[in-house]
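*Asks:* So that we are looking at the same thing, I have put the structure below in structure tokens.
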Amino acid sequence: MALATFLQLLRPQTLQEQRAIRGYRAQVQQMADRLQAIFDEWGALREVEPDYARLANAAAVNRWELMRMARDADQLDPPRSLSNVHRDVQNAVVGCARACQLLANGYRFHKSEAVCDGQALLIDTLPALDGLVQAVEFR
């Protein structure tokens with residue numbers, strides 16, 4: 001950890017900064033909860049749905065929702081102390097959207113490599129977002 005970052009953690013926060021962090025934390029937690037719900041719904045659908053066209057459509061709808069979420073995340077105004085975390089949150093949401101795009105294309109065009117890559121990206125991105133939520137909580 002850089003010395004400046006460590007010193008920033010030791011600096012007392014004003015009441016306004018504390019409120020901004022709490023508000024931002026709530027918004028990030030809401031996004032993380034929605035991403036987890038999308039992941040859980042996707043996993044449940046994938047287990048029972050044999051039709052690749054329906055799987056492709058579901059992944060495309062998830063991508064659309066995640067891109068809206070990425071736009072919403074872009075419009076958030078994070079506290080200055082969380083600007084690096086915010087950039088990582090945006091990247092995680094866009095990464096999940098990219099995963100859904102790979103899944104949609106893979107199922108639509110019967111490309112198993114794209115399906116595997118999309119599923120792997122989705123599985124890798126969600127724990128990273130959980131780590132970011134924890135990072136916001138410790139601020």
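The values are calculated or read from the model by the stated rules, or taken from the named source; none is laboratory data. Predicted model only: the values in this text are computed from it and were never measured. Counting neighbours? That spans all protein chains shown, and the Cβs are built from the backbone with ideal geometry, glycine included.
*Asks:* Out of all the residues in region 33-41, is one or more among the aromatic types (F, W, Y), at pLDDT below 95 and either under 20 Å from the mean Cα position of the chain (by Cα) or not in a helix (DSSP H, G or I) (or both)?
*Replies:* First pass over region 33-41, keeping only residues among the aromatic types (F, W, Y): 39.
Next, only the ones that are at pLDDT below 95 stay: 39.
Within this subset, residues satisfying the condition of being either under 20 Å from the mean Cα position of the chain (by Cα) or not in a helix (DSSP H, G or I) (or both) are 39.
Yes, because at least one residue in region 33-41 is among the aromatic types (F, W, Y), at pLDDT below 95 and either under 20 Å from the mean Cα position of the chain (by Cα) or not in a helix (DSSP H, G or I) (or both).
*Asks:* Restricting to region 86-102, count the residues that are without any contact (Cβ under 8 Å) to a residue 40 or more places away in the chain and under 9 Å from the mean Cα position of the chain (by Cα).
*Replies:* Qualifying residue count for the region: 5.
*Asks:* What is the one condition in (1) at pLDDT 85 or above; (2) over 16 Å from the mean Cα position of the chain (by Cα); (3) surrounded by 12 or more Cβ atoms within 10 Å (Cβ to Cβ) that Q8 does not satisfy?
*Replies:* Every listed condition holds for Q8 apart from (1).
*Asks:* Is it the case that W64 is modelled with pLDDT of 95 or more, assigned to a helix (DSSP H, G or I) and not small (G, A, S)?
*Replies:* Yes; evaluated as a whole, the condition is true for this residue.
*Asks:* Looking at (1) of a type outside the set (V, I, T); (2) assigned to a helix (DSSP H, G or I); (3) within 18 Å of the chain's Cα centre (by Cα), find the lone condition where N105 falls short.
*Replies:* Tallying (1) of a type outside the set (V, I, T); (2) assigned to a helix (DSSP H, G or I); (3) within 18 Å of the chain's Cα centre (by Cα), N105 fails exactly one: (3).
*Asks:* Would you mention how many residues in region 68-87 are in a helix (DSSP H, G or I) and surrounded by fewer than 15 Cβ atoms within 10 Å (Cβ to Cβ)?
*Replies:* Number of matching residues: 9.
*Asks:* Report, ordered by the first and then the second residue, all pairs with beta carbons closer than 6 Å, sequence separation of six or more or different chains, a first member in region 41-61 that is small (G, A, S), and a second member that is assigned to a helix (DSSP H, G or I).
*Replies:* Once the first residue is small (G, A, S) and sits in region 41-61, its partners that are assigned to a helix (DSSP H, G or I) give A56/A104; A56/Y107; A56/R108; A58/L45; A59/C100; A59/L103; A59/A104; A60/A104.
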